[in-house]
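Values quoted throughout were computed directly from the atomic coordinates according to the rules given, and no laboratory measurement underlies them. Since this is a predicted model, take the numbers as computed values, not measurements. So basically every Cβ, Gly included, is an ideal-geometry build from the backbone, and we count neighbours across all protein chains shown.
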Amino acid sequence: MKNKGFTLIEILVIASIIAVLATIALVSLLRMFIAFNEASARNTIRTIASACEQYASFHGGEYPSYEGQLISPHDRPPYISEAFDRKVKHGYTIYEFFLNPSVYHLKARPVRRGVTGNNCFYMYSDQGLVLVSKPVQTSGECPRYDPPAYP
């Protein structure tokens, strides 16, 4: 009499193959989400910097002194929408707005290092580009980055 069906060994082999394929897919998916979050953080910083530059062009070359001036109801249309006023966006915290009439500094760090992102992003008014650094390994905090002084 022939048994129709699979043996326990065959089922375990198939289950282990499926587990390996699922692990590979999940790692790729996590990398894709991290890349998306990092691109979103860069674009958020660029958008806020662009709004600061537009604000300065309409206010005698002075940058806003706080974030709320960029979404002010007094300026129609506002320089950025209220969606950019949130501190956390796509897994990144825009954790430092240093705004004063002469310069601005923008910084972003991942909410959970290795899960929502791997890098910290900086932008300074005098440089005009997004700078990248790795967060400190133990705490996940971004290292202090001072822009180079220009003579």
Query - Amide H contacts of Y92 (H built 1.01 Å from N, under 5 Å, at least 5 apart or other chain) - result: V111
Report summary line: Here the gain from full extension of D126 to T23, 0.36 nm per residue of separation minus their alpha-carbon distance, amounts to 32.6 nm
**Report entry** Computed over the range 8-133: relative contact order in percent, which uses C-alpha pairs under 8 Å that are six or more apart
**Finding:** 23
Requested in this report: Once you have the Cα-Cα distance between A15 and M32, take 0.36 nm times their residue separation minus that, and quote the gain in nm to one decimal.
Outcome: 3.6 nm
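When Rg is the radius of gyration of the Cα atoms in the range 8-133 and Rh is its Kirkwood radius, what does Rg/Rh come to?
1.24
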Report summary line: Farthest towards the positive end of the dipole of the range 8-133, among Q127, A25, N37 and with Cβ unit charges of +1 on Lys and Arg and -1 on Asp and Glu, lies the Cα of A25
Requested in this report: Taking H placed 1.01 Å from N in the peptide plane, check which residues at least 5 places from Y104 or on another chain put their amide H under 5 Å from its amide H.
Outcome: S125, D126
Query raised in the report: Which length gain, in nm to one decimal place, applies between E53 and A39 when the Cα-Cα distance is subtracted from 0.36 nm times their residue separation?
Result: 2.9 nm
